[in-house]
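All remarks here apply to the structure that follows.
The values are calculated or read from the model by the stated rules, or taken from the named source; none is laboratory data. Source: prediction; values computed, not measured. Here the Cβ is made from the backbone with ideal geometry for all residues, glycine too, and neighbour counts use every protein chain on show.
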Amino acid sequence: MAMTAHGAFHWNELMTWSPDEARAFYAETLGWAYDAVPMAGGGTYTLCKAGETAVAGIFEMKPGTGFDGVPDHWFAYIAVDDIDARLATVEAAGGEVRRPAFDVPDVGRFAVVRDKAGGIVGWVTPAREW
């Protein structure tokens, strides 16, 4: 499978306070199945699958982890060719790096940016295609 092209949407995840309810809803309405993936630092990430294809993720927001007051929402990630080089251009373009680059082993290097208009989006330099 080819790597996601620079500038294309790469991944979507549901950030939720109620992952059990979300899994039940999408299993019933879309027929999704799930794989639990351990996260570095603890916790479990839910990989959502349509058949054998991973199509999205479910991330559980927990109190006291910086998400207090954030409503459940779908969050998108755009693939970038070199996240560190691209992040260096954000402020000059009128944006803000909201979360500096961090690595998720065997998945990619991620960051969260706010664009000039105020939109929040994730950027990722993928380590592999899902």
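A search for C-beta distances below 6 Å between a residue of the stretch 44-72 that is within 16 Å of Arg23 (Cα to Cα) and any residue that is part of a strand (DSSP E or B) and among the polar types (S, T, N, Q), counting only pairs 6+ apart in sequence or on different chains, returns Ala56/Asn12; Ile58/Thr46; Asp72/Thr16. Considering the stretch 48-99, and only residues there that are touching a strand residue (DSSP E or B) at 6+ places or on another chain (Cβ under 9 Å) and of a type in the set (Val, Ile, Thr), the residue that is farthest from Val112 (Cα to Cα) turns out to be Val55. Does the stretch 52-71 hold any residues that are modelled with pLDDT of 95 or more and over 21 Å from Val104 (Cα atoms), and which are they? Of everything in the stretch 52-71, just one residue is modelled with pLDDT of 95 or more and over 21 Å from Val104 (Cα atoms), namely Pro71.
Within the stretch 90-112, restricting attention to residues that are free of Cβ contacts under 8 Å to residues at least 40 places away in the same chain, aliphatic (A, V, I, L, M) and surrounded by 13 or more Cβ atoms within 10 Å (Cβ to Cβ), which residue is farthest from Asn12 (Cα to Cα)? Checking each candidate, the answer is Val90.
Would you pick out the residues in the stretch 12-37 that are modelled with pLDDT of 95 or more, within 23 Å of Ile78 (Cβ to Cβ) and among the β-branched types (Val, Ile, Thr)? Residue satisfying the conditions is Thr16 alone.
Looking only at the stretch 113-125, filter to residues that are more than 12 Å from Asp84 (Cα to Cα) and under 11 Å from the mean Cα position of the chain (by Cα); which one of those is surrounded by the most Cβ atoms within 10 Å (Cβ to Cβ)? Per the stated criteria, the residue is Gly122.
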